[in-house]
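The values are calculated or read from the model by the stated rules, or taken from the named source; none is laboratory data. The structure presented is a predicted model; accordingly, all values stated were derived computationally and were not measured. Methodologically, a virtual Cβ is constructed for each residue, glycine included, from the backbone with ideal geometry; neighbour enumeration extends over all protein chains shown.
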Amino acid sequence: MHFVSDLGQSHASRGEGLVMVGDLSQPRGGLMSNSRRIHQNGLDADIWFQFAVSAAAIRDTENQPDPPSMLAANGEELGPLWGDDQKALLKAAADDPRVDRIFVNPAIKRGLCSSEPDPAWLRKLRPWFGHDAPFHVRLRCPHDSTACEQQASIPAGDGCAELDWWFSVEARTPAKRSAPRAEPVMPAACRPLLLIN
């Protein structure tokens, strides 16, 4: 995924530490070993807000807990680990024309909405639960991919005025599922690969 490499190089030119990548879609999509459904289209990557001090430190974290949350203990505002480097990394991803949208915790978006003098770049930041330690990048369909289905466009505006619901009782009450979730489906383009001996 060229986007991930370019984002890492962009960060290296302005800050210390190495960008860490979490779940990364397989190049052409398909089932993941951890059964995550959202990363199965080949266009998704989780990027950690925390940076590693060295490649050796990244190897040492492979069997360690996930990097920490960027939120305060109350879960409703940015915490002490959030800083200019995290904002710069997120903005670099949002400014990349290959990026369609980025899922971040609603509290991260709200913190940025209240502090950014020019919030236009926040449009691509879409609030979603979790996403307080990594942010989730969804890329646009590549121009040369005829099988890729582009998601619907994001609404106009920076999205800051629509954040209140995410902090409501309704949003914080888990919904009961009435039907079991469907099993993941192997993309049609992947099936012929399994038939090769």
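Condition check: outside any loop (DSSP other than H, G, I, E, B) and either at pLDDT below 95 or surrounded by fewer than 16 Cβ atoms within 10 Å (Cβ to Cβ) (or both). Does A171 satisfy that?
Yes: the conditions hold for A171.
Do any residues in the range 7-20 that are over 12 Å from I47 (Cβ atoms) and in contact (Cβ under 8 Å) with a residue 24 or more places away in the chain have Cβ atoms under 9 Å from those of residues that are of a type in the set (S, T, Y) and in a loop (DSSP other than H, G, I, E, B), where the two are at least six apart or on different chains, and which pairs are they?
That search, which allows pairs on different chains as well, returns G17/S54.
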